[in-house]
Amino acid sequence: MKGVAFYKQPEARLRFCGELRGRRYSQQGLTLVELVISIVVVSFALTALLSSFSFSAARSGDPMWQTKATQLAQAYLDEIIAMRFQEDSPSGGGAVASCRVDGSEAGETSRELFDDVDDYHNLNEAARFLDNSVGVGYNNYQVSITVSCEDAAGGVSNNSKSIALTVTAANGSRLRFAALRGNF
């Protein structure tokens, strides 16, 4: 039997075929339907995953401009609250008879000349600091301020002024801040 191929040996061929017939083989591999269903399921999962990434990437800059807007608002509010309550407030402090919001007086044409809280009423300007500098990254930021005679609950008051400050970022988003200045 030397030199004779396996398939030419009848007894070996029968023995091999018998072994194959005696075993039960499970189906291996996937059908076309199973492949299509798995592709559809995987594509839905990837679509959901990628859309969540794109949403988070689009909002990743929000904390940066919000922090800048908060710092800018804090600078403006510190400046305003340091002023007198209104024009007729005693220079050493003390209450006035009634609250008024007159806006800036004649000759007070810029923030450097403002001397009381209501001078800031209806101020709308490009963001800048009191030394006329525009901080790094504050280009295209806008600040608008309104002042009213209100208390913390929103009611009319002679003892406090409500300062509402809105910062508009370069992307058009707005943050609103509020503070109260007491009459003392």
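None of the figures in this text is laboratory data; all of them are computed from the coordinates on show. Because the structure is predicted, anything quoted here is derived from the model rather than measured. Virtual Cβ from ideal backbone geometry, glycine too; neighbours counted across all protein chains shown.
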inquiry  = Can you find, among H121, G29, G92, the residue sitting farthest towards the positive end of the charge dipole of the stretch 29-134, where Lys and Arg contribute +1 and Asp and Glu -1 at Cβ?
reply    = G29
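Count charges around D88 for me, please; just the other residues with Cβ under 14 Å from its Cβ, Lys/Arg as +1, Asp/Glu as -1.
Net charge in that neighbourhood comes out at -4.
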remark   = Residue-ordered couplings for the stretch 36-41, obtained by feeding phi - 60° into the Karplus form 6.51 cos²θ - 1.76 cosθ + 1.60 and rounding to whole Hz (Gly and Pro as x), are 5, 4, 5, 5, 5, 4
note = In units of 2.2 N^0.38 Å, the Cα radius of gyration of the stretch 62-182 is 1.08
request  = Lys and Arg at +1, Asp and Glu at -1: add these up for the other residues within a Cβ distance under 13 Å of R128 and post the number.
outcome  = -3
T146, T31, T70 arranged by Cβ crowding within 10 Å, fewest neighbours leading = T31, T70, T146
